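Please read the structure below before turning to the comments.
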Amino acid sequence: MLTAAFNSFAGADHLIISIALIALIMFITKKISIMLGEERIASALAIITGLVLAFIGGKVTGGSSGLADISIFSGAGIGLLGGSMLRDYTIISTAYGVKLKNLKKAGPVGVISLLVGVIFSFIVGSAVAMALGYTDPAEVTTIGAGAVTFIVGPVTGTALGVSSEIIAISVAAGLVKSIMTMVITPFIADLVGLDNPTSAMVYGGLIGTTSGVAGGLAATAPELVPYGAMTATFYTGLGTLIVPSVGFIIIRSILL
Amino acid sequence: MEIIGMGFVAFFMLLGSFLGRILGQFLGTGGDVGGVGLAMLFMVLTVNYLENRGRMFKPRTENGIKFLSALYIPIIVAMAARLNVVGAINGGLVAILAGGIATIGAMFLVPLLSKLKK
């Protein structure tokens with residue numbers, strides 16, 4: 001009777017189980033950070049815990065959605081709670097505290113940082129691909145596109161008709177970027193002066209992965225999240241626009 | 001009422017998403033280009049406009065918006081928990097170097113560009 005009750009309970013896609021799990025993670029990481037005397041690392045610890053659970057989920061199920069592939073968290077569980085819909089909804093709500101004068105001040109440099117960010121990441125990614133022995137222009141461009149974001153990679157790869165293995169590498173490069181951004185940002189923030197709205201907008205424009213920027217800033221200085229997110233949201237669009245076109249032409253002229 | 005605050009944010013999200021999709025079609029990339037940024041921009045403009053005219057939100061309406069902002073970090077934690085971390089590690093050296101160097105390099109460009117602000 002008890003097992004039957006438990007099975008039918010665990011078989012449902014419970015958003016509530018996932019909310020309870022996330023609340024538990026937040027609670028425990030908060031306690032740990034207070035014990036360590038570093039309360040501001042609580043969010044970073046919580047995000048790292050999430051990544052570790054995603055790793056475990058991926059290992060256990062062999063799927064590509066981390067913990068969301070485990071049945072009690074799938075569908076309307078972690079899949080919904082951590083999906084792009086609620087992420088975007090809550091990010092947009094943070095714009096409520098934004099001051100117009102800060103935006104005006106950082107607007108032009110934000111646009112410049114977007115262009116520099118996409119071009120820089122593409123050059124680095126392509127250079128790494130070439131250094132490690134890739135010579136086909138379409139493949140090099142796709143891996144370079146992956147270093148822009150994990151969306152620009154597959155979009156470029158599909159447009160240029162490369163193999164799915166190269167597309168998988170480009171997605172992985174983008175994921176490495178997103179995860180590293182979340183983990184490293186809190187530790188590097190002081191060093192790069194990430195403490196005001198202008199530098200947050202520049203940071204969002206340079207790094208560009210919305211999840212990475214959002215997670216990194218949330219763990220560093222939550223009041224800067226809206227500024228970073230606002231520029232980052234244009235990054236992938238700009239990347240999908242210039243990388244498969246101008247980027248490919250440049251790489252092809254270098255390699256041929 | 002709190003739901004009015006939540007609806008206020010929802011309205012701007014839908015507006016931004018729609019404009020982002022128009023932009024995506026216009027640029028030929030498809031999808032939603034910058035919808036979140038556009039939504040935030042219009043929301044900032046609207047809130048600042050209303051406040052300049054002395055029209056503040058009622059505290060309960062404001063609570064609805066603040067509730068969403070407060071959920072932001074837990075949602076990022078949930079998002080982290082559904083990333084393909086195994087895939088990123090399995091991507092091999094080229095993926096780790098391409099993604100890693102691009103990230104660290106871009107971070108050190110932050111102070112350089114921040115100085116440009118004038």
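The values are calculated or read from the model by the stated rules, or taken from the named source; none is laboratory data. If you're wondering where the values come from, they're calculated on a predicted model, not measured in any experiment. A quick note on method: Cβ atoms are made from the backbone with ideal geometry, for glycine too, and the neighbour counts reach across all protein chains shown. Areas reflect the complete protein model, heavy atoms only, side chains present, ligands, DNA and RNA absent. Shrake-Rupley method; radii C 1.70, N 1.55, O 1.52, S 1.80 Å.
A few comments on the model shown:
- Count of residues meeting criterion [crowded, with 22+ Cβ neighbours inside 10 Å and of a type outside the set (Gly, Ala, Ser)] in segment A:62-86: 4
- Residue list for segment A:125-138, restricted to those being surrounded by fewer than 24 Cβ atoms within 10 Å (Cβ to Cβ) and under 14 Å from A:Ile250 (Cα atoms): A:Ala127, A:Met130, A:Thr135, A:Asp136, A:Pro137, A:Ala138
- Residue within segment A:142-152 that is open to solvent by 10 Å² or more (accessible area, probe 1.4 Å) and under 21 Å from A:Ala46 (Cα atoms) present: no
- Segment B:21-37, residues that are more than 9 Å from chain A (Cβ to nearest Cβ) and of a type in the set (A, V, I, L, M, F, W, C): B:Ile22, B:Phe26
- Considered as a group, the residues in segment A:95-109 that are within 7 Å of chain B (Cβ to nearest Cβ) and open to solvent by 20 Å² or more (accessible area, probe 1.4 Å) include one that is modelled with the highest pLDDT, and that residue is A:Tyr96.
- Residue match in segment A:154-175 (condition: at the interface with another protein chain (Cβ under 8 Å from one of its Cβ atoms), out of contact with any Lys or Arg (no Cβ under 7 Å at 6 or more places or on another chain), among the β-branched types (Val, Ile, Thr) and closer than 25 Å to B:Gly24 by Cβ): yes
- Unmet criterion (only one of (1) modelled with pLDDT of 85 or more; (2) under 30 Å from A:Gly75 (Cβ atoms); (3) open to solvent by less than 40 Å² (accessible area, probe 1.4 Å)) for B:Glu2: (3)
- Within segment A:40-61, being open to solvent by 10 Å² or more (accessible area, probe 1.4 Å), at the interface with chain B (Cβ under 7 Å from one of its Cβ atoms) and modelled with pLDDT under 85 holds for A:Ser43, A:Leu51.
- Of the criteria (1) part of a helix (DSSP H, G or I); (2) at the interface with another protein chain (Cβ under 7 Å from one of its Cβ atoms); (3) free of Cβ contacts under 8 Å to residues at least 12 places away in the same chain, which one A:Ser64 fails: (1)
- Put simply, of A:Thr198, A:Thr240 the only residue that is among the polar types (S, T, N, Q) and under 19 Å from the mean Cα position of the chain (by Cα) is A:Thr240.
- Test: residue in segment A:6-15 that is within 28 Å of A:Thr220 (Cα to Cα) and touching a residue at least 60 places away in the same chain (Cβ under 8 Å): yes
- A single member of B:Ile89, B:Ile75, B:Ile96 is closer than 30 Å to A:Gly62 by Cα, in contact with a Lys or Arg (Cβ under 8 Å, 6 or more places away or on another chain) and free of Cβ contacts under 8 Å to residues at least 40 places away in the same chain, and it is B:Ile75.
- Residues of segment A:219-239 classified as more than 16 Å from A:Gly205 (Cβ to Cβ) and buried (at least 24 other Cβ atoms within 10 Å of the Cβ), total: 2
- Qualifying residue in segment B:38-56 (condition: touching a helix residue (DSSP H, G or I) at 6+ places or on another chain (Cβ under 6 Å), at positive phi, facing chain A (nearest Cβ under 8 Å) and surrounded by fewer than 17 Cβ atoms within 10 Å (Cβ to Cβ)): no
- Checked against the criterion of being under 30 Å from B:Met56 (Cα atoms) and touching a residue at least 24 places away in the same chain (Cβ under 8 Å), the candidates A:Val98, A:Val148 yield just one match: A:Val98.
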